[in-house]
1. Taking a 1.4 Å probe, which of A:Arg133, A:Arg187, A:Arg376 shows the most accessible area, and what order do the others take after it?
2. Please calculate the 1.4 Å probe accessible area of A:Arg367, with all protein chains present, and give it to the nearest 10 Å².
3. What are the equivalent ellipsoid semi-axes of chain A, built from the alpha-carbon gyration tensor (square roots of five times its eigenvalues), in whole angstrom, biggest first?
4. Rolling a 1.4 angstrom probe over the protein heavy atoms, how many square angstrom per residue are accessible across segment A:385-451?
5. How far apart, in nm, are the 7 Å Cα→Cβ label points at A:Leu294 and B:Ala147?
6. Within a Cβ distance under 12 Å of B:Phe122, other residues only, what is the Lys/Arg minus Asp/Glu net charge?
7. For chain B, what mean projected area does the convex hull of the alpha carbons give, in nm²?
8. Can you tell me, using C-alpha contacts under 8 Å and at least 6 residues apart, the relative contact order of chain B as a whole percent?
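The values are calculated or read from the model by the stated rules, or taken from the named source; none is laboratory data. Note that the coordinates shown come from a computational prediction; the quantities given were computed from them, not determined experimentally. Here Cβ is always computed from backbone atoms with ideal geometry, including for glycine, and neighbour counts include all displayed protein chains. Accessible surface areas use protein heavy atoms only, side chains included; no ligands, DNA or RNA. Shrake-Rupley method; radii C 1.70, N 1.55, O 1.52, S 1.80 Å.
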Amino acid sequence: MNITLNLKKGLDLHIAGAATGSPATAETVKPRLVALTPDDFPGLTLKPLVKEGDTVAQGTAVLQDKHHPEVCITSPVAGTVKAVERGERRKLERIVIEPDGSNNAVTFDVKNIDNEDSARKFLQSSGLWSMIRQRPYNIVANPESTPRDIFVNALDTAPLAPDMDAILASQAKELAAGAALLAKLTRGTIYIGRRQGSKIAKIADIAGATMVDIKGPHPAGNAGIIASNIKPVNKGETIWTLDGITLARIGHLALNGTLDTDCIVAVTGSEVKEPTYIKTITGCDIESIVEGRLIKTTHHERIISGNVLTGFAVKNDGFLRFPYTQVTVIPEGDDVVEFMGWASLSPKKMSTSRSFPGHFLLKKLFRPDARLLGGRRAMIMSGQYDSVVPMDIMTEYLIKAILSKNIENMEALGIYEVAPEDFALAEYVCTSKMPLQTIVAQGLEYLRKELE
Amino acid sequence: MRPYFEDGGRLHAFRSVYDGFDTFLFTPETTSHSGTHIHDAMDSKRTMIIVVLALVPCLLFGMYNTGYQHWLAAGQGVGPFWTMLLYGFLAVLPKLVVAYVVGLGIEFVVAQWRGEEIQEGFLVSGILIPLICPIETPLWMIAVATAFSVIFVKEVFGGTGYNIFNVALVTRAFLFFAYPASMSGDKPFIARDSILGIGGDVPDTFTGATPLGQVATMAGDAMHPITGVTGAEVSQWDMFLGLIPGSFGETSTLCILIGAAILLFTGIASWRIILSVFAGGAFMAWIANMTATPTYPVSFLSVGDQLCLGGFAFAAVFMATDPVTAARTTAGKYIYGFLLGVIAIIIRTYNNGYPEGAMLAVLLMNALAPLIDYCVVQCNINRRARRARLNS
């Protein structure tokens, strides 16, 4: 049985630089370097299994969780370990691998995956387990947890996001195999969200899963929003969330026994000459992706691995971060001198406020930069967050509960249902410029530390 | 310039002041380091300035009306337009300056002391204070009341965004209770002296009661006509335009509606609150009018008069909608507004001691707003708890 979700709250930002062209004909970019970033797998305490100079194949375990040694993260490519980078207090920052161009790949045994236990081991050893998140806490799924339901978002509604329909529609076989494997891991339902009325290609119905046709502005495509509007997480329950690409990868692995680490990346943003799709490998270095694609300018620019709302700011020597298959380049804005900006009537200003003429230019594509455009203040305006968070949650009160570290109130107000990304638009519209995603992330972290 | 104001610089004691002016003149270059990379161009500076802009029609009309009432009271008929406006400007200017200097002065000092940026909240409070006071309020009283209000109503709670009561209204309430003789009755609402040779002198014996003041002291079992300062009857149209004695900026319902239009168009004031305040006020005024009794002469006023007169409309548009002190939840806003309107009319009608109830009603509802929100939030919490029980 399929479900239709029609969400009203939210906001689609009109930003210049959407990728054109078809993902199917994307140019292939060979990465010079590939990196795995432990920060992309919150909840795991990772230790390296390799050292500099080691040769790895695609699928070789590179990182391992201290507390659950069966959970590991595998190399997306065959090559040599170039660096094990550590930061302050020897914190593991990333493992950099230089591809050697060979096709050496670990083959995983796909036979005898007939029960829950074998399916878990299969996913954990291949590294795909670490790409599944759980709620509460928005961390990598706890190997001891059994999910009530699994929510897959096979759509991305974020600003300038790649067209998931076009990318995933051709992988129907993989998606179905992935869903079949996940079905072994839950007694509940697998919900797969897809965009309603997609023009180009449509993700086909998948047997054994409930398809959710979603209509509405961002953040309608967030897995947490889908879950919240179908069957919210209650205290004591766990759900798993993953994106459509990960589901297809799980399917590929189940069908072939090898990892599919190719990924279609949308190179977007106002500072990109010709925003388009490219085909590369997960963890690819940013240099290889953006080289020759940026507009030559004198002003500073910000390269974001991901979208403008939740992505990571990376330098030229950074890497594509999980789970993003998008790179956005916008002006940094720290070199702009603007006289009395608060009084501006310039149509170039992007805002939800009707006091800006730009608000009425419905077709205009804006070129926002990374400035806060105001000072940090206490929460002043009311009701702003609620208008962009399509969940049955008292957002302002949840934020206040988090700020006051009141665990009882956090639980009562539904912190288990949320992830920082669900508050990204609220952070964008906040006139007090409050760092809501950071607050939510810290709240979840605090709660986990206190309760575990 | 900046190094002088940084820690260790010669002028570091003025760092927050420098920052205040710097961010006022130039948009800060601060970029986001965590979370979203882009932000809406709307900030609290612009929000506050738009509220100030929305108050400008009331301010201008207040200037004109002050001159107009003065000319009438001085027995000189209606004076030249620009001269009357200039008179009103000169009458209100010292009050504006005093309110801003005292209030912003305290804000600057506190910001420097806390090591924070200067917050913009007082930009609005500073213009509201002269607008809601009678024109004859002595300057020193405004200074004392403003200082009290900014320190004890705002700063001790943590500054803009943390206060429970509306700062400008507490200033007014402080004046009302500390110096009742100067704030009510029939004297303070008309400017009495000539300023810089403009205007005439109003005789000491002259009285100019506000319409509500007149109604409150009426005797008999029917409505007497409301009279202006010259003794002539005031038409409903004059009441709507605001050509009546009253606190400086709150007499003109027309200008208040212009302000409301600005606030609603820009989405800064909550339409839910404004609508429900008027609904509550109209509902209570209708009940009062249906059960009119000579014991409470204000009950003879029609619904339209009740909403036009006194500070009701001003409170509904500019005071009740203060997002910090109003209810914050959507459902809470309706309840808050409706009760506010009802209580304003109840105080005004059934308490002959206070000819105006809007101020007290807003302050009372400010105190109750957290309770209303608590109930609304509790509904959400209960819903979630029930859901969890059903599932387990």
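1. Numbers: A:Arg133 35, A:Arg187 240, A:Arg376 110 Å².
Heavy-atom accessible area, descending, gives A:Arg187, A:Arg376, A:Arg133.
2. Ignoring ligands and nucleic acids, A:Arg367 comes out at about 120 Å².
3. Details: eigenvalues 216, 144, 102 Å².
Equivalent ellipsoid of chain A: 33, 27, 23 Å, largest first.
4. On the way: 2030 Å² over 67 residues.
So segment A:385-451 comes to 30 Å² accessible per residue, rounded to a whole number.
5. Each label point is offset 7 Å from its Cα along the Cβ direction, giving 5.6 nm.
6. On the way: positive: B:Lys154; negative: B:Glu107, B:Glu120, B:Glu155.
Around B:Phe122, the surrounding residues sum to -2.
7. 24.4
8. Values: 637 pairs, mean separation 61.7, N = 392.
It rounds to 16 percent for chain B.
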